[in-house]
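The structure appears right after this line, and notes come after that.
Just so it is clear, none of the values below were taken in a lab; they were calculated from the coordinates. As the structure is a computational prediction, the values presented were derived from the model and not from experiment. Cβ atoms come from the backbone with ideal geometry, glycine included; neighbour counts cover every protein chain shown.
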Amino acid sequence: MASNMRPRGAITGSMTVLNIVYAARARKRKLAIAALALLAVIGVGGFFIARQVSSDAAARVVTSWSSLHRCLLGKPLGEGERPSVRLRAIQLTAMAMAEAAPAPGKEEPWPRRCGPSGHALSEALKDTGRAKEGEQDLAFWADKLAALLDDKSGVAQDLTEIVDRIFELGKKEGIGLVQEGNVPEPPAAVEALTVDALGSVKPLSKLPFDLKNVRVEQHTGETLRFIVDDEQVGGSPALCQASGSADSVGCAPLPEGAGKASQGGVQLLGSADEGAAPLVFAGVRGADGIFRSDTGERIDGLASCGGHVAQGGLVSVLGCDDKKGLLLVRAAGKLVTRSPIVTGNTAPAALNILGTSIATARPAGGLNLKLPEPVRDAQLFFGHVLLRGRTPQGETWVAAGQVKDAGSATEALTPFGLLPEEKQSDAASDVESRLAGCRSGQTLVVRVQHARSDFVSFLASGQWTKPVKVPTAGGILSCRKNEASLTGIVPGPADSPLATAVTHYRCTPSACRGRRLMLRELLAGEHGLAPSAVMAAADVGGKLLFVWGAAQRGGLRMRLGAEGRISSTEDIVILDDLIRDRAVQSSSSLLDVRLMARARFAIALLSTKNGVYAVRIKPDGKFVPIPVSWSSR
């Protein structure tokens, strides 16, 4: 038996090995269980982490969308408001700021600073799985918009289609807006007229027409008068008028006789007192007939150098002919009288003009003026005859005399201004008449063109003042209180619009002061808004008014201010010419502009694809469309 017994140590050793094996197996089971538990924990944690990541991406979609909206458009859109229309109004403001470099440490200019929000929106959409490769979805358009906004020319780009598409897709995605206080808002949107807004008032014409067929009164008073002579306009030819308040423009067809008198058209070549109906001159300077605009009564048919209608209805017309000289025609009711005006004599004499004795005075011993071209060297306006002629000694003088009713006191036809000799000859002049006048209240002014210079003289206390030289020639003459203004545009080369000059001079009896502004100076910082075609300038309330069509997408703008400060004056956008039918269009709705001004207001006629409308501009820069009322004869 002893031989079958195993030693105790051997049994103990085997049990130890088994225990080790059993313990190892237990540890493996525990490790497996722990691993499974760990995997379960990791799986659950991963689920929650993935869920959190997805939730964060969804939140980034909302915040980036809100940032893009606030940065690009500002406040939420109104019901039915197109994003592109809001953007267009903001662009018109930002265009005037485009050339200003941002200060160090400041944000990028609008709309470039909105680009990162577009990129962030695209990335957030991709992280949420809401973007598909190759699809033109919201992420695609957001990336495309961001790339365009990064371009420096983004402020003037046509972003209509892409912006409307993005906000349409954003609405379909149901993305809401949250308050994003750290995102700067865009510049303020302009409040400009559109052709839709113009349609709220009665137009001058429902069809566009050539504004060259608008003929303004040659010698201006306080009432604005012009003739519309175009077959596109119903009732044409018509006389239109606007008073000092300019709340409306009143038009009426000319009487049958006056309106159909000539194939060459009709014009307002004379003047009229306030409340009086002006004369209509048919053909070349009235050669086809001179008519009363209210009754159509024919006064005469002769080539004329102006005329005047007094408040009581008395008509004066100055006939002029290079060979026959000057003839004064007077019409009082049915009575018409004609008398020659003699401008050359060798001894003191008296001229009898319709019963009015006009004594003649002579410079250097006697009046003996020869008019080189009577049709250009003589004018009658506001009851005064003005002459520009040469003496036998070769001097050039200006003479004037008031023609009054028969039986009244006489008024001398008196030389009052010796004009300096100029190297440029009279033959080089390219103006229709060398004499033009304006009146405001009791102030009467004559502008005399002499060679290549202009001079102005005032009628003060019954006497004409010594002519004062204007620093430039040409421009539109206007009167205000006791001063005269001459405003004009001198075009530069066709390929360099910024080389165009705007001139504005204000004259008193003692001196003329003002400036000649190059557009590169006037539009400093806005060279990208240089005029594309339309340009006009006028004096309104003693200020310079400059109106222009800015580049291709800058709208119809104006500057109004003293000529010394107008370069720093902010633009005012009168018309957004790309908005029509409440949407942004690819081409302009504006065809042409005609600017006409008086002392207290200006009227801009806007020829658009929807018709021709009148807009009043006041000296404070406010503007409003005004109705054109038509009356029948």
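The table below gives the values:
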| quantity | calculated |
| --- | --- |
| Residue 147-residue 274 FRET efficiency (beta carbon distance; Förster radius 56 Å; 0.05 resolution) | 0.35 |
| Dimensionless Rg over Rh [the stretch 535-582; C-alpha; Kirkwood] | 1.05 |
| Residue 418 versus residue 322: modelled label distance in nm, points set 7 Å from Cα along the beta carbon direction | 3.1 nm |
| Gain upon complete extension [residue 481, residue 178; 0.36 nm per residue less C-alpha separation] | 103.3 nm |
| Relative contact order [Cα under 8 Å, 6+ residues apart], the stretch 555-595, whole percent | 33 percent |
| ³J(HN,Hα) computed for each position of the stretch 165-172 - Karplus, 6.51 cos²θ - 1.76 cosθ + 1.60, integer Hz, glycine/proline x | 5, 4, 6, 5, 5, x, 5, 5 |
| Candidates per trypsin sites (Lys or Arg not before Pro) in the stretch 110-188, loop by DSSP, up to 14 other Cβ within 10 Å | 132 |
| Inverse of mean 1/r across different Cα pairs in the stretch 486-557, Kirkwood, Å | 12.8 Å |
| Extension gain, residue 256 back to residue 201 (0.36 nm per residue minus Cα-Cα distance, nm) | 17.0 nm |
| FRET efficiency for residue 191 and residue 466, using Cβ-Cβ distance with R0 set to 45 Å, rounded to 0.05 | 0.40 |
| Stretch gain in nm, segment residue 432-residue 552, where the contour uses 0.36 nm per residue and the Cα spacing is subtracted | 39.7 nm |
| Largest-first ellipsoid semi-axes for the stretch 80-201, taking √(5λ) over the Cα gyration tensor eigenvalues, angstrom | 26, 20, 13 |
| FRET E, pair residue 59, residue 298, Förster distance 51 Å, beta-carbon r, rounded to 0.05 | 0.05 |
| Pairwise label distance in nanometres, residue 97 with residue 332, each label 7 Å out on the Cα-Cβ vector | 6.7 nm |
| Listed residue (494, 601, 554) projecting farthest to the positive dipole end of the stretch 490-633, Cβ model | 601 |
| Label zone at residue 490 (point 7 Å along Cα-to-Cβ), backbone N below 16 Å, the stretch 513-527 | 513-522 |
| Environment charge at residue 246 (Cβ cut-off 13 Å; Lys +1, Arg +1, Asp -1, Glu -1) | +4 |
| Compactness relative to 2.2 N^0.38 Å, alpha carbon Rg of the stretch 557-614 | 1.35 |
| Hull shadow area, averaged, the stretch 416-518 [alpha-carbon convex hull, nm²] | 7.2 nm² |
| Where labels lie 7 Å past Cα in the beta-carbon direction, separation of residue 586 and residue 130 in nm | 3.1 nm |
